[in-house]
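Since the structure comes first, as structure tokens, the remarks are kept for the end.
Bear in mind that the values in this text are calculations on the coordinates, not laboratory data. Please read these numbers as outputs of a predicted model, since none were measured by experiment. Cβ sites come from the backbone with ideal geometry, for glycine too, and all protein chains shown count toward neighbours.
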Amino acid sequence: MLRKVLIANRGEIACRIIRTCHRLGVATVAVYSDADRDALHVSLAGEAVHIGPSPAAESYLQGETIIDAALRTGADAIHPGYGFLSENPDFADAVTSAGIRFIGPSSDAIRAMGLKDAAKALMEKAGVPVVPGYHGAEQDPDFLLDEAERIGFPVLIKARAGGGGKGMRRVESAADFREALASAQREASAAFGDPACLIEKYIAHPRHIEIQVFGDDHGNVVHLFERDCSLQRRHQKVIEEAPAPGMPEEMRLAMGEAAVKAAMAISYSGAGTIEFIADASDGLKADRFWFMEMNTRLQVEHPVTEAITGVDLVEWQLRVASGEPLPRSQDELFISGWAFEARLYAEDAERGFLPATGRLAHLDLPEELARVDSGVRAGDRISPFYDPMIAKIITRGPDRQTALSLLSAALAEVRTTGVTTNAAFIRRLTIQPDFIEGLPDTGLIDRHLAELTIGQAPPRETMALAALKLSGALEPKTVSDPWGRLSGFRLWSEASDFVELDYRGQHVPISFGSTGEGAYAAIVDGRQVDFGLSRLGEDTYLLEVDGRKRRFHLVPGHRDLTIFGDGESWHFGLIDPLAGEDEIAAGSDHIVAPMPGLVKLLRATPGAAVAKGEALVVMEAMKMELTLAAPRDGTIAEVLVSQGEQVIEGAVLLILEPEFGEPESGEPQDG
Ligand code: MV4
């Protein structure tokens, strides 16, 4: 077995690999950039080596530096994870030349699958079905048009070096072909430095179904069944599952056989994935799937395969890399149950899936309901330098419905503050009727985009709950009885209390009072709501309205609060009644981003004195530069962003020391 493995990666996959290494008694070395100095993967590994500045090009993509780190620490193998250097054949060669084992296939296998046209030709020769089309070297437009006519319209033009949909053009008729080809070639040239394209028959109702394969150095190859990754948005996978819904057993056998044949053709060793496209216009059929490409690495979605086969794929990678034969033969591999994986991202679905950054002030992940693969912990920053994935949530059940219900329940327990996430979006997907039916398709998200991205407005009673909490009304009166009943917390007089909340920049006036034991009434924005409230845990409450009780979880911030419930979340701020309108408009303590954008320049340090009008932050927003100046003379109290950070509209960038001092401490503000 290997003695020490260096993991040339970061985030959740580095953590996941380290855990299996440790379980097998293999020592680990992490590598880290400036931004990852205090990252989780660094603290989990046995030792760690700094490899450069934050941008990946200067750290995680520096092959020589990483190999040097492996030599210095005496690692006998390098695991590349996914992304970064994982499919770089020159890196695999350099690792091997340094006398270190590369945990992955040979550089020849990586090269063979690197270009789509060559890979298709190779697969065709090996007897693997490929999408009808032209994948030769000839690039003359007249010739390619003839080919397109032979294939039959509509066709799809693809860059041979492509990926992620770049350089892809659908063409409906011969009249549009030349222009589409020229534009695809221009895009491919700019993106990959290679204009060459191939032409394929266009599959109108595609399903993305991929087969996990595994080979060893003794000539054995097995497959570990399929994953369905059809639920995508802009070529980004959102929810994956295994097995594929609606897949006939005959097709599963044929696909598995084709995948093994493909891997055998390149003497494949290690973990790999054969991606197929299936024509689902008339259900899945054993003669309607075709090879698309091969990924010569461990994939993000590998846990769903682990969940249905009981295999630890990283363990297999380590065993195969140390020269052992595959731990199981094909007839020792079975599908057991059903599994889903959802990718939790720091992004704002409501604002066109804009990547979000910031500090994860609060992070609850549903570890009791699901397997959670994450590379971050509460307090960590999501930086603009790397993929904004926070965690993968993986559930397994005896059948699809159970596994999907579990996923839905698990996603409802995801609670984060400080960074916007897609949690509500993916949770809504788990209750989308077509998806529940088992019809994941590549167009589903776009067809239902509005209902999937637009959040529910906060119910009135949650605003009332926020008002109670932010006004301090829920705080125990006596420290000796913190878990006492609500009625014991504070006695309400006849007169009601009043606060003004901020919800997404809107002021919401709320008056409220107790109407009995655990019973309340509030007037929210002029409308009355009566509700019952009981406390279930430290910040968990049961709200009863019209004979219906629902659970809400509160995450308090600094004069603000996030309420989680029903898979949704709402953020409320408390408006300071002492801040006059003038102060809010011109003399505010908060310097806020007026638009989403990038912090280009930051001229502020805590404690520094600033003069009114002095430029403090330069932002790049909507292709413009924006200078944010000090609204008044003062002292900088807090700097909440850093240079290079992407911020959302309304994000607080800087806070000035209050001008008139804090109100006397201990004085109730609402009394
Ligand atoms: C296709 C296709 C239809 N016909 N090829 C290839 C790269 C992948 N990211 C998208 N690809 C497609 N190739 C032919 N001949 C449709 C797609 C496609 C797609 C495929 C699987 C899952 C989601 C998709 C979303 C858009 C387009």
| message | Less than 9 Å Cβ to Cβ from Gly52, Lys/Arg counted +1 and Asp/Glu -1: what total charge do the surrounding residues give? | response | -2
| query | When the gyration tensor of the range 236-366 is built from Cα positions, what are the square roots of 5 times its three eigenvalues, in whole Å, from largest to smallest? | reply | 30, 22, 15
| request: Amide H neighbours of Val592 under 5 Å, at least 5 residues apart or on other chains, H built in the peptide plane: list them. | output: Leu653
| task | Take each of the peptides 217-223, 99-105, 542-548, average the number of other beta-carbon atoms within 10 Å over its residues, and list them starting from the highest. | result | 99-105, 217-223, 542-548
| Helix 400-412 versus the longest principal axis of the chain: what angle, 0 to 90°, nearest 10, using Cα atoms? | 40
| Total formal charge among the other residues, if their Cβ is under 11 angstrom from that of Ala370, Lys/Arg +1 and Asp/Glu -1 | -2
| note | re the range 500-609: pairs of Cα atoms spaced beyond 16 Å account for a percent value of 73
| said: Students often check this: by mean Cβ neighbours within 10 Å, which of 362-368, 303-309 ranks highest, and how do the rest follow? | reply: 303-309, 362-368
| field | Paired Rg and Dmax values of the range 371-464, which use every Cα atom, in angstrom | value | 15.2, 41
| task | Would you list which lysines come within 29 Å of Lys4, measuring only between C-alpha atoms, while excluding same-chain residues fewer than 8 positions from it? | result | Lys392
| task | Positive end of the charge dipole of the range 1-157 (Lys, Arg +1 and Asp, Glu -1 on Cβ, about the Cα centre): tell me which of Gly104, Val49, Leu145 has its Cα farthest that way. | result | Val49
| request: Go through Lys166/Lys600; Lys120/Lys237; Lys116/Lys237; Lys237/Lys285 and tell me which ones have a Cα-Cα distance over 26 Å in this structure. | output: Lys166/Lys600
| note | Computed on Cα atoms, Rg of the range 21-136 relative to 2.2 N^0.38 Å comes out at 1.30
| field | From phi via Karplus (6.51, -1.76, 1.60), per-residue ³J(HN,Hα) for the range 639-654 in Hz, x at Gly/Pro | value | 10, 9, 10, 10, 4, x, 7, 8, 10, 8, 4, x, 5, 7, 9, 9
| Using a Förster distance of 51 Å, how high is the FRET efficiency between Ala450 and Leu71, based on the Cβ-Cβ distance and rounded to 0.05? | 0.40
| For the range 183-286, convex hull volume per residue from C-alpha positions, Å³ | 138
| query | Packing-wise, with mean Cβ within 10 Å as the measure, how do 161-168, 315-322, 273-280 rank, highest first? | reply | 273-280, 315-322, 161-168
| field | FRET E, pair Asp287, Asp217, Förster distance 25 Å, beta-carbon r, rounded to 0.05 | value | 0.15
| How far is helix 11-23 tilted off the main Cα axis of the chain, in degrees rounded to 10, range 0 to 90? | 70
| message | Can you give me the long-range amide H partners of Ala604? Hydrogens built in the peptide plane at 1.01 Å from N, cutoff under 5 Å, separation of 5 or more residues or another chain. | response | none
| query | Share of antiparallel DSSP beta bridges in the chain, in percent to the nearest 5? | reply | 90
| request: Answer rounded, prolate or oblate for the range 402-442, using the Cα gyration tensor with square roots of eigenvalues a ≥ b ≥ c: rounded when a/c is under 1.5, else prolate when a/b is larger than b/c, else oblate. | output: oblate
| remark: Magnitude of the Cβ-charge dipole (Lys and Arg +1, Asp and Glu -1) of the chain about the Cα centre, nearest 20 debye, reported as 1160
| What is the spin-label model distance, in nm, from Ser322 to Lys125 if the labels are put 7 Å beyond Cα along the C-beta direction? | 3.6
| field | Folded to 0 to 90 degrees: helix 177-192 orientation relative to the chain principal axis, Cα | value | 70
| task | Would you please calculate the Kirkwood hydrodynamic radius of the range 256-322 over all C-alpha pairs and express it in Å, rounded to one decimal? | result | 13.5
| said: Return the Rg/Rh ratio of the chain with Cα-based radii and a Kirkwood Rh. | reply: 1.01
